[in-house]
1. For Asn312, are the conditions met, namely being in contact with a Pro (Cβ under 8 Å, 6 or more places away or on another chain), of a type in the set (S, T, N, Q) and more than 24 Å from Val290 (Cβ to Cβ)?
2. Which one of Ser294, Ser281 is closer than 24 Å to Ser46 by Cα and either in the same structural domain as Met338 (by the TED database) or open to solvent by 30 Å² or more (accessible area, probe 1.4 Å) (or both)?
3. So which residues in the stretch 80-125 are more than 21 Å from the chain's Cα centre (by Cα) and charged (D, E, K, R), if there are any at all?
4. Pairs needed: first member in the stretch 26-42, in the same structural domain as Gly412 (by the TED database); second member anywhere, not basic (Lys, Arg); C-beta distance under 6 Å; at least 6 residues apart or different chains.
5. Condition first: in a helix (DSSP H, G or I), at pLDDT below 85 and open to solvent by 10 Å² or more (accessible area, probe 1.4 Å). Now tell me which residues in the stretch 368-394 satisfy that.
6. Which residues, counting only those in the stretch 341-364, are surrounded by fewer than 15 Cβ atoms within 10 Å (Cβ to Cβ) and either modelled with pLDDT of 90 or more or under 17 Å from the mean Cα position of the chain (by Cα) (or both)?
7. Suppose we filter the stretch 267-282 for residues that are more than 16 Å from Gln421 (Cβ to Cβ) and out of contact with any Gly (no Cβ under 8 Å at 6 or more places or on another chain); how many remain?
8. If I go through the stretch 168-198 residue by residue, how many of them are in a helix (DSSP H, G or I), farther than 30 Å from Met61 by Cα and open to solvent by 40 Å² or more (accessible area, probe 1.4 Å)?
Amino acid sequence: MVQDEKCWFQLIQCYPIASFLSIIIRDFHIANKEEDIGYYAGYVGSAFMFGRALTSILWGMIADRYGRKPVIVFGTFSVVTFNTLFGLSTNFWVAISARFLLGSLCGILGPMRAYASEVCHKEYQALGMSVISTSWGIGLVIGPALGGFLAQPAEKFPHIFAKESLFGRFPYFLPCFLISLFALGVLLISCSLPETLHIHKRYDKESDEVNDELVTSTCEPNANEKVLIEGRHRTSQQNLLKNWPLMSSIIIYCVFQLHDMAYAEIFSLWAVSPRKNGGLSYSTTDVGEVLAISGCGLLLFQLFLYPLIERNLGPVMVSRIGAVLSIPLLFTYPFIAMLKGLSLMLLIDSASVLKNVLSVSITTGLFLLQNRAVKQEQRGTANGISMSAMSLFKAVGPAAGGSLFSWAQNRGNAFFLPGNQLVFFILNIIEVIGLLMTFQPFLAAPDDTVL
């Protein structure tokens, strides 16, 4: 039950806009030419992450003080509200404001990562974090797939949705509305979640009472010892930023997340761009099908293979292997675009599945390192720091990816790395940087983790 709820919480954070973002920007008529759409699409994608970067530490501190559940409930409510508002957007500024407010007020992911580590024994933490990463990864592909299938329903399903209807006047409202309904169901379910923070505190209090009785029956601690114990507790809270195993894993995680967000932005723009510009000329439905297939492959790998691989190789080695394999895979993308028909479909589906599997495997390994580097009472704040830092990089990712793609579209005849070859080359540079950072002396793993 708890594992299923964690999946739902992660899925509602992954919105269906990626597959139709370039089209909705076109309909806003804010871009002067087709090549400039990527710039504005990147700004909308970055608004959510920028908002989350500003508030994630605050939500983590609230989760450590008042519990994980209140943050989860409020964050889910914000999804219902602002995701619906985005679907009803009629101009660029309303859309970007809705995304920013959603990022600022939805502080779910950090507390859910802390929650997952608290409800699982250590031997099952790899599976617990795998569920978190899998849910996030599946949401990243199911959301855009849903958007691709259901955007502009009056054009795709005119016998069901009339052009004069609500869904005809707001052609991108249907996928957002369905996600909001799903989030409303999750909001109701979240009310029955147990509060892991208070449970741990109760156990700690009972343990302290037993220890106090034992101490009283033998020897009473003096005032100096009590001050020393309290001082150590305050120091552990204050030195979180000096915890290098935590901070090094967060920095590496941010680098890979910058790559993944830029890739996600670029993939959708590349897939729907015309073949004359090196794209695939896919429709939103075609993009949705590719991402749906990726989600199925990702689910099978993370639930059945990742825990076994992690137990044998360790989280760090899994992350390194994922990064190494991603580099030659991205190199093939511009050449896949030269294919047509069945060969194009098979190769792009296979490449998308493999890329998502590798990306989520890297993320899961770094999740494990972060949560093993801190104590239970610090996990909310630690994950808040991680989310704030990661969100800054993710805010840069879509804007940088969209700008990079638009720039590459204007240099299709260049001699060195023409067009989309430059895009995937720069993505590979970021991947190499992240890979090199997983080695010592930069990465310092927790005491019980082998590098």
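The values are calculated or read from the model by the stated rules, or taken from the named source; none is laboratory data. Note that this is a predicted model, so its numbers are computed, not measured. Counting neighbours? That spans all protein chains shown, and the Cβs are built from the backbone with ideal geometry, glycine included. Please note that ligands, DNA and RNA were not included when accessible areas were found on the heavy atoms of the full protein model with its side chains. Shrake-Rupley method; radii C 1.70, N 1.55, O 1.52, S 1.80 Å.
1. So Asn312 fails the test.
2. Ser294
3. Lys122, Glu123
4. none
5. Listed by number, the residues that qualify are Arg372, Gln376, Glu377, Gln378, Arg379, Thr381.
6. Matches in the stretch 341-364: Leu342, Ser343, Leu346.
7. So the count comes out to 4.
8. 3
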